[in-house]
Every structure is written in C-alpha cells, then in structure tokens.
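Visitor: The following block contains the structure, expressed as structure tokens.
Rule-based calculations on the coordinates, nothing more; no lab input. This one's a predicted model, so the numbers in the text were calculated from it and none came from an experiment. Virtual Cβ from ideal backbone geometry, glycine too; neighbours counted across all protein chains shown.
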Amino acid sequence: MKRFFKTLKIIAIIIIAIIIFYILNKLLMPKYMTDLVEGSMISQYYREPKNHEVIFIGDCEVYANFSPMVLYEEKGITSYVRGSSQQLIWQSYYILKETLKYEIPKVVVFNVNSMRYSEPVSEAYNRLTIDKMKWSKEKYDIIKTSMLEEENMLSYIFPILRYHDRYDKLTKEDITYLFKEKDNTYQGFLINKNIKPVQSLPTKRPLANYQFEDIDYEYLQKILDLCKQNNIQLLLIKAPSVYPFWYDEYNEQIVEFAQKNNINFINFLDKVDEIGIDYTQDTYDGGLHLNLTGATKLTKYFSEYLKENYELTDYRNNSDVDKIYQEKLEMYHKDIM
Amino acid sequence: MELISGTIFAIMLITVILYYTLPKKAKPYVLLLISIVVYASFGKSSIFFIIFSTVTTYLAGILLEKTKYRKTILAITIIINTLILVILKNGLFVKDIIIPIGISYYTFQVISYIIDIYRKKYEPQKNIAKYFLYTMYFPYLFIGPINRYDKIQELLYKTDKKFNASKVFNGLIRMLWGIFKKLVIANKIQIIISVITQDTATYQGAYALFAMILYSIELYCDFSGGIDVVIGFSKILQINLLENFENPYKSQSIQEFWRRWHITLSSWFRDYVYIPLGGSRCGKLRTNINVIIVFVLSGLWHGTQYILWGLLHGIFLIIGKFIKTPYKILNTIITFLIVSILWSFFIWQDAGTACTMMLSVFTKFNYADLIQNILNFGLSIANYVVLIISVIAVIIYDYNKVKINNKIKNMRTETKLIILISAVFIILIFGTYGIGFEASEFIYNKF
C-alpha cells in the first residue's frame, strides 16, 4: 500500500511538472496581441468559420493590400487572407496545404513576390509565420524548410528554449492572453489607417542574375499541383508597390509560367492608375504597402476581376452566411472610421 | 559538438540505456563504441592522433615489462607524445590544423600511464580495447578531468553494475548543477566580459577590476560546471572520476589555491614534473626553482602568452608565507584578488594588454563611472539579480557541500524528484543560451 501511494505521488509530481512546463512555454512565448500583431494572423484562421471560396497566400503584400470585407461587401465573395510577414514560397505551400485540411476554396490567390527569395531570410520572420501554427505535419515541414543554421526544431516544439529570456519582459498581455487570443485582423486583413506618402525610393539596381531559383519554381509547381488535385483555380498576382524590387525579367518568368500552365496572372504594378491608387494618400509606409484606403481601392478593383473570371457565389443571398458577414461588416466599418 | 548540447545529451541517454540493458560483458565495449563515434564526429585528425597516442603508449607499456631498455622506451614515448601536443597546441610546422579535441587530456593521461608503468606502480593493460577506453572515454575528452589509470580502471571496466535509481539521481543532480553554473552564471558574465574587453581604451581601472572579479567567477562556474556534467554523467554509469575543484576561492594562499583549482592538472604536474625534478627534497633554493619551472611549464601548456601568468603564480606561491596575515578572511580576500588580477592574461588574451589592465587597477579609480554604466553591459537589472542570487547559491553550496549532499542523499524519492524538476525549470528559464548568445563553448575547451 505504501509503495502504491509512493508511485501515485511520483506520477502526480510528473503530471504537475508537465502542466507547469506547458504553462511556462505558453507564458514565455510572445502573444503578438498588441505588439507585432503579424505573429497572430496565422492562428486567427483556426477560429474562423471555414466557408471561403477564395484563399490568399503570400507575404505582407497580401495581408496589407486585400480586404476580404470589401470583397464581400462588393460582390458577396467569401475569402480569407492566410498571409504572413515575409512568407516564403515554401511557407505559402505548407500553409495552403494546411488550409486545405479545413476547406477547399474555389480560387487560391498567390502573390508571387516571394519568388525573389530562395532561402530563409530571418529567424524573426520565421517566428511570426510559424510560432502560432497548430501542430501538424505541415508545421513540422514548414519549420524544417525554413530554419536558419542557428535555429533548431526543439525551440519550435518547446518555445521556452527560444523565449526564456522574456522572463523579465513579461507584461499584463502575457497573462491576459495566456490561453485565449483576440482577433487582430478582418479575415487576415490587417487594417492600417496611417498615411505616409512616398518621399524617397531606393534606387533600382541592376542584378547579376534575374533567374528565379529552382527551389522557387519547385514550390510554385507544388502549389499549382496541389490546386489541380483539389480542383482549385490558381491565380497569380503581383501586388502594387512603388519600391523598384520587381524587375521586368521577374515578370517575364511569371508570365511564361502562367501561360505554360494556363493560369491567370495579374501584375497590379501595371494597373495602379486604372485602380486609382494615389501614393500621396494610399500608403502607410512611403509606397511599400497600401494603407486602408489603398487596400479598399485595390480590393474593389480585384472584386470585379474575380467576379468576371471565376464562378464565385454571391453569399449576400445566403441569409445564414450574410448574417455573420453583416455583423463583421458592422464592426469593420466601426474600426475603419 | 558541445558538451552542453542536445546531441551530447541524446548520446548520453543512449549510452545509459545501452549500458544497463545490454549483457554485462558488453558494458566497457558500449562505452568504447560510443566514444569512437563521438570522436569520429570531430574529424579524421582527432581519430588519427588518439589512435597514435594510444597505440604507442599501449605498446610501450607492454615493452616496458619485457625489455632492458626501459629508460629509452619511456623517454621516446614521452618525447613523441609531448612533441605532438606541443606542435598541435602551438600550431608549429603544421598550419590550419584543427586541434584534436581533448588532446591535452589524453596526452596527460597516456604519459601518466606510461610513467606509472615504468615506476612499476601497476601492470600494463594487455587488452587494447580496454586501454582504448581509458584514453577515449568520451565525457572527459571535452573538458577533463585528467584521470589516472589506477584510479579509474576498475570502475571503467567493471561489468557487474546494476541500474541504481539513487545513483542516477545523484548523477543527474550533479549534471544539472554544472549546467546551472555554466548557463545561469558563466554565460551571463560572459556577456559583460565581452563588452568590457571590446574597448580596452575606455574600460580600464574599475572596469578592469570588475571584469577580473567577474571573470574569476565565470571561469570557475564555466570550468567546474563542465566538470560537474562529466563527473555527474559518469556517476550515472557508476564510474567515479577524479574531482577537479575543491572550493578554490576559499584558499588562504596561492599554494592552497593550486591544491583546490584544476586539481587533476596540478597533481599531474606535481607527480610527473615537480617530484622528478627533486620536489622539496633538495634545499630551499632548488625547491623554489622547481616551483617556478612547474608553473612556467603550466603557463606554457596553456599557451605561450600565459608563461608570465604561470611565472607570477609561481612567485606568489613562493612569497605566499610573507604576505600571510593572521586573519583567515583577509587571507582569502587577498588570495582571491591576486588570482583574479592574474586572470587578466586569460581575459585580454595578450600579455601586454593584460599588464596594462592590471596596472590600471592601481592607477585609475573610476568607480563612479562603473556604477553609472553598470546597466550598459548587456544585462538587465533582473539578470543581475539572478546572477547575484545564483553566485550566492554556489558559495553556500561550496562551503557546505558535504552537509548538503548528505541531506539530498537522505531525501525521499518524491522530494528528490521535485528538486530535479525545479532545477530543470530554473536552468530553462534563467539560463543564458540559444539564439543571440553564441558563447556556449567552454572556456577551458581550448586548453
């Protein structure tokens, strides 16, 4: 009997230790709720009803520039932006793969800006995209393909190994959002109302090599294959920006890929005037990304294109869905005032 | 591969599992096999040198039993092995060669083995695999301690060991204590030291003294922490390695310091250099000369830039009795300050800068500046608090080691488990490691 109680005590201690360890990992990990909210965008998706006909994947050029609320308001299109900061192409692939476990959209919109990168850029960006992902095979793969030399898988599994030095930086936010999260975006769209007109631009420098790397093509093909397997139409886009980082040589390669695979590609850089973007008003960071007014103009334009070219449902006629969206729209309009 | 790394901990776990699950007779061979794997991972040169050292001393050991030319064989074996050590450590003749890991430790161990055989202290090992295990046992290749064949061979080769939870616990606690000293204390101090040493023009006087005192703590926690991991892990395998530290900063003289600091190196120099030179049996002058020779050699072993450091230690050891006061605490403080100031050679790495810094301690009294800038060395107030509490914990433990160890030994399993888990949590939270901190390597690895 004594032995039995001893074993029971040991088991209890181990269970308590595991719980404390779990809480410590949660506590020390940044919550991305008021600061660096980009880190919380990926996980907001899990809380949303999964009824989207359009899914956006890509870097900041999708979550800053396209508002699903406008898409719904204009054409009744249900959509979600699964973008994240500096989302690399293989990250977009795994995020799409993960999304398809929850729902099969009709159209996947991929912003091709990330074709410019063939290797992980920074640990901080990796963290913003990966930290809040739910554990799955896709999360494991995304970590494996994105890790920099100084990173290790264990620190993603146990965030305490990465964030332990936050013990003296903990704030009220870490307690408030220990087990819950708040929504920081509208279906993945991050509102930014600030205005910072274009003042100076980096000079366009010729590159030694404009050819996209094999790894980028490999994942672009994988994204296409994944869409084909699921009867999804892939739409490639290049979001507008006045920064001269998208070269004609890049564009030609995407055009060629799109033609070869019979998919659509829109380069919004050519349509800035048509859309009516005014870079003295419509950008929050001197022309790199659009602000709320810019994103609204762009999304309105895009909604026409989507409606014309794809068979998408107008959910405004579906009272169940419309009810949910009307509530969201009400909040959205309050927020953007 | 670092001693404190996921890879080595995984290897250690595999070792323990295999050690206690495979048939008894396989025990030494499991250790040898894993040691070979660890060694091979450091590259060809490491394997080549350890095989060379092991085979030459193994053959010499057997030959010493059978031949008339004992002195010649002993001399040749020592010269060859010492030459390799000197050449590799100082990068002579061969450039861009990676120094095989643990070269100092196995060279010292094979030399002590061969001299002891020559002195007929024990029989040579006839089983070459077992002898290889003596030279290659992987935990001590990282940071020591320097072992003696007669002290560890029995437990190293013993096969009838049963898994003992209490011994595993004691070993784990010792390992965690070492990791705590390294990650929570040494690595934090390393951040401050790296800032201070970057700007030798600004950071002089009080800053230099601050760095010296902190470095004393860092080096002790770094080096003894690594040794704790090695000894703790060996305890799990029921192999008792030699202790390397005995509360060194408690010493009341430099002589006592060297009986407490890096004990296995000091005793090696005593047994294989100082005593053969005549030790203290040939009059005062000769004794003092012998002391100086030993310390200069010890300095040289650390690197040519440390010769002056060795010499000064030798001088302070000789004049020790003249500067001793009747007050124990005062003697301890004086000894600690001498040792700390002399660590300058290790902090600033070149003798010239080290001397400038030592001199500045006595000429620049910028203590107000130091206090004003104390938060500009990369540590937050919280980190300083953790550091101070941790250092106090180490001091309390070092002064009450026996009492605390006995208390832990007699604790109930549940209490022991709670201690173990708490230690892991403390290290995980308050340790300085991971991205943004790269000094995970042990300072003493390179010697």
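Visitor: For A:PHE56, list long-range residues whose amide hydrogen, built 1.01 Å from N in the peptide plane, is under 5 Å from its own amide hydrogen.
Guide: Long-range HN contacts for A:PHE56: A:TYR80, A:VAL81, A:ARG82, A:VAL109.
Visitor: Using unit Cβ charges (K, R positive; D, E negative) and no other charged atoms, how large, in debye to the nearest 20, is the dipole of the protein assembly as shown about its Cα centre?
Guide: My answer is approximately 6120 debye.
Visitor: With only alpha-carbon pairs counted, each pair once and no self-pairs, how large is the Kirkwood hydrodynamic radius of the range A:220-337 in angstroms? Before the final figure, lay out each step's value.
Guide: Numbers: mean 1/r = 0.0598 Å⁻¹.
Across the range A:220-337, the inverse of the average 1/r is 16.7 Å.
Visitor: Of the cross-linked pairs A:LYS271/A:LYS323; B:LYS182/B:LYS250; A:LYS101/A:LYS193, which ones have a Cα-Cα span greater than 24 Å in the structure shown?
Guide: Too far apart for the 24 Å limit: A:LYS271/A:LYS323; A:LYS101/A:LYS193.
Visitor: What Kirkwood hydrodynamic radius, in Å, does chain B give when the mean of 1/r is taken over all pairs of distinct Cα atoms and then inverted?
Guide: Value: 23.4 Å, from the Cα pair sum.
Visitor: Using a Gaussian network for chain B with springs between C-alpha atoms less than 10 Å apart, which of these wobbles most: B:ALA351, B:ALA186, B:ALA368?
Guide: B:ALA368
Visitor: Rounded to the nearest 500 deg cm²/dmol, what is the calculated helix-only ellipticity per residue at 222 nm for chain B, with -39500 (n - 2.57) per DSSP H run of length n ≥ 4?
Guide: -21500 deg cm²/dmol
Visitor: Here is a further query. Could you give the size of the charge dipole of the range A:31-336 about its Cα centre, using +1 on the Cβ of each K and R and -1 on the Cβ of each D and E, expressed in debye and rounded to the nearest 20?
Guide: Charge dipole, the range A:31-336, about its Cα centre: 720 debye, nearest 20.
Visitor: Can you tell me which of B:GLY178, B:GLY232, B:GLY205 moves the most in a GNM of chain B? Springs connect C-alpha atoms under 10 Å apart.
Guide: B:GLY205
Visitor: Per residue of B:416-429, how many C-beta atoms from partner chains lie within 10 Å of its own C-beta, taken as a mean?
Guide: Mean number of neighbouring Cβ atoms from other chains: 3.
Visitor: Of the beta bridges DSSP finds with both residues in the protein assembly as shown, what % are antiparallel, to the nearest 5?
Guide: Details: 2 of 20 bridges.
For the protein assembly as shown, the DSSP antiparallel bridge percentage is about 10.
Visitor: Oh, and also: Taking the range B:6-157 on its own, what percent of its Cα-Cα pair distances exceed 22 Å?
Guide: Numbers: 4737 of 11476 pairs.
Across the range B:6-157, Cα pairs with separations above 22 Å total 41 percent.
Visitor: Counting only residues 5 or more places away or on other chains, whose amide H sits under 5 Å from the amide H of A:ILE237 once H atoms are built in the peptide plane?
Guide: It is A:PHE110, A:ASN111, A:VAL112, A:ILE266, by chain and number.
Visitor: Go ahead and set up a Gaussian network model of chain B, Cα springs under 10 Å, then flag whichever of B:LEU420, B:LEU330, B:LEU141 fluctuates most.
Guide: B:LEU330
Visitor: Something else now. Taking a threshold of 19 Å on the Cα-Cα distance, which of the pairs B:LYS167/B:LYS416; B:LYS162/B:LYS407; A:LYS75/A:LYS106 fall above it?
Guide: B:LYS162/B:LYS407
Visitor: Give me the one-decimal nm value for the distance between modelled label points at B:VAL37 and A:ASP314, 7 Å along each residue's Cα-to-Cβ direction.
Guide: About 6.8 nm, to one decimal.
Visitor: Among the aspartates and glutamates, select those whose C-alpha is under 13 Å from the C-alpha of A:LYS6, and discard any that sit fewer than 8 residues away in the same chain.
Guide: Those aspartates and glutamates meeting the cut-off are B:GLU414.
Visitor: Over the Cα atoms of the range B:110-249, what radius of gyration and what Dmax do you get, in Å?
Guide: Computed over the Cα atoms of the range B:110-249, radius of gyration and Dmax are 19.3, 61 Å.
Visitor: Taking beta carbons within 10 Å but only from partner chains, what does the mean come to for residues A:7-20? Don't skip to the end; give the middle numbers.
Guide: On the way: counts 1, 0, 4, 3, 0, 1, 7, 2, 0, 2, 7, 1, 0, 3.
Mean number of neighbouring Cβ atoms from other chains: 2.
Visitor: Distances over 31 Å make up what percent of all Cα-Cα pairs in chain A?
Guide: 36
Visitor: Suppose only helical runs count, i.e. DSSP H with n ≥ 4. What mean residue ellipticity at 222 nm does that imply for chain A under -39500 (n - 2.57) per run, divided by all residues and rounded to the nearest 500 deg cm²/dmol?
Guide: One gets -14500 deg cm²/dmol as the mean residue ellipticity at 222 nm.
Visitor: Explain nothing, just compute: Karplus ³J(HN,Hα) = 6.51 cos²θ - 1.76 cosθ + 1.60, θ = phi - 60°, for every residue of the range B:377-384 in order, whole Hz, x for Gly and Pro.
Guide: My calculation for the range B:377-384 gives 9, x, 10, 7, 4, 4, 5, 5 Hz in order.
Visitor: For the range A:58-180, report the translational diffusion coefficient in µm²/s to the nearest whole number, using Stokes-Einstein at 37 °C, 0.692 mPa s, and a Kirkwood Rh over Cα pairs.
Guide: 203
Visitor: Let me ask something additional. Taking every pair of distinct Cα atoms and averaging 1/r, then inverting, what Kirkwood hydrodynamic radius in Å comes out for the range A:125-171?
Guide: 11.4
Visitor: Over the range A:169-268, with a single point scatterer placed on each C-alpha, what log10 of the ratio I(q)/I(0) does the Debye formula yield at q = 0.10, 0.17 1/Å?
Guide: Normalising to I(0) and taking log10 leaves -0.53, -0.98.
Visitor: Sticking with this structure for a sec: Beta carbons within 10 angstrom, averaged per residue: use that to sort the peptides A:89-101, B:270-282, highest first.
Guide: The densest-packed peptide leads the list: A:89-101, B:270-282.
Visitor: I need the P(r) histogram for the protein assembly as shown: all alpha carbon pairs, bin width 20 Å from 0 out to the longest distance, whole percents.
Guide: Reading the bins upward from 0: 13, 36, 29, 18, 4, 0.
Visitor: Pull up the DSSP beta bridges for the range A:31-336 and report the antiparallel fraction as a percent, rounded to 5. Can you show the working numbers first?
Guide: Details: 2 of 20 bridges.
Bridges in the range A:31-336 that DSSP calls antiparallel: roughly 10 percent.
Visitor: Another question, then. If I require 30 Å or longer along the helix axis, counting alpha carbons, and a Kyte-Doolittle average no lower than 0.5, what helices from chain A are left? Use full DSSP H segments.
Guide: Qualifying helices: A:2-28.
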